[in-house]
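The values are calculated or read from the model by the stated rules, or taken from the named source; none is laboratory data. None of the values given here were measured: they were computed from a predicted structure. Cβ sites come from the backbone with ideal geometry, for glycine too, and all protein chains shown count toward neighbours. Only protein heavy atoms, including side chains, enter the accessible area calculation; ligands, DNA and RNA are left aside. Shrake-Rupley method; radii C 1.70, N 1.55, O 1.52, S 1.80 Å.
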Amino acid sequence: MTIWYITDLVGTGVFAISGALSALSKKMYHDLFGLFFIGFVTAVGGGTLRDIIIGAHPIAWIHDPNYLIVILSSVILAVLCRKWWLSTLQRPLLVFDTLGVGIYTILGMQKALALGVNGWASVLLGVISALFGGVIRDTLVNDLPLIFSKQLYATPCLAGALLYQLGRSLPIDPTVLFVTSVVLITVFRLVAIRKNWSLPQIQ
C-alpha cells in the first residue's frame, strides 16, 4: 500500500460519512441500504465521472473491494455515532465534506496527471472529482447542491488545485505540496463560511 492509496481510502471514508450524516440529518435512516447508497454515491460519484472522462479503466471501486469495505464501514460508523455527531459536534457534515473535497481535489488531479492529462485540464478534473459526489448527495436528500449556493464551495477547490499545479514546477516535495494544497482548500472553505464570504452575484 502506498501513501496515496491509503489517502484515497481515507478520502473515500470521509465522503461516505458525509453522505450518511446528510441522510441521517434528514431522518433517512429506516433503511441501511439507502444510507449505504447515499454514502456510496457521495464517496465515488466524482471519481467515477473523472475516470469515465479520462478513460481510466477499470474504475477503482469496481476492481478493488477495499473501497466498498471502507464505504460500508464508514456508513455503519456514522449510524452508530449519529447522536453524538449530530448533537455534539457543530456542523459535522460540513467538517467531513470539507475534508473530503480537499483530499479528492488533489487526488483527482494526481490521477489525471498520471494518465497524461495536461496540467490545466487536470485542475478542472480535480474539482469535478471533489464536487460531483456532493452534488449527487444533496440532490438525493432534496437539498440545493452547495455548488449552486452563495457559499464558496468550488472556489477553495480551484485555489488548492491551482496551488498544486503551480507548485509542481517548483522544487517542493510532492507530499508537502499535497498536504499544503489540501490544507489550503480546507482552511479557505471553513474561514469563508465563518466569515460569510461569497463571490459577487451576477445581476
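Details
- Inter-site label distance for Val179 and Ile53 at 7 Å from Cα along Cβ, in nm: 2.9
- Neighbourhood charge, 14 Å Cβ-Cβ cut-off, centred on Gly102 and excluding it, Lys, Arg +1 and Asp, Glu -1: -1
- Rounded to the nearest 20 debye, dipole of the stretch 64-185 from Cβ charges on Lys, Arg, Asp, Glu: 200
- Of all aspartates and glutamates in the structure, those lying under 16 Å Cα to Cα from Lys150, and not within fewer than 8 positions of it along the same chain, are Asp138.
- Computed [θ] at 222 nm, helices only, for the chain once each DSSP H run of length n ≥ 4 contributes -39500 (n - 2.57): -25000 deg cm²/dmol
- Convex hull of Cα atoms in the stretch 98-201, direction-averaged projection (nm²): 7.0
- Across the chain, C-alpha contacts under 8 Å between residues 6 or more apart give a mean separation that, scaled by the residue count, equals a relative contact order of 24 percent.
- With a Förster radius of 45 Å applied to the beta-carbon distance between Val187 and Leu32, the computed FRET efficiency rounds to 0.85.
- Nearby lysines by direct alpha-carbon distance to Lys27 (threshold 17 angstrom, same-chain neighbours under 8 apart not counted): Lys83
- Computed over the chain, the P(r) tail beyond 26 angstrom holds 30 percent of alpha carbon pairs.
- The alpha carbons of the stretch 132-191 give a radius of gyration and a Dmax of 14.0, 46 Å, in that order.
- Most tightly packed first, judged by the mean number of other beta-carbon atoms within 10 Å of their residues, the peptides 21-27, 121-127 read 121-127, 21-27.
- Looking at the stretch 1-133, the accessible area is 46 square angstrom per residue; that uses a 1.4 Å probe and ignores ligands, DNA and RNA.
- Measuring r between the beta carbons of Ala114 and Ser149 and using R0 = 35 Å, the FRET efficiency lands at 0.60.
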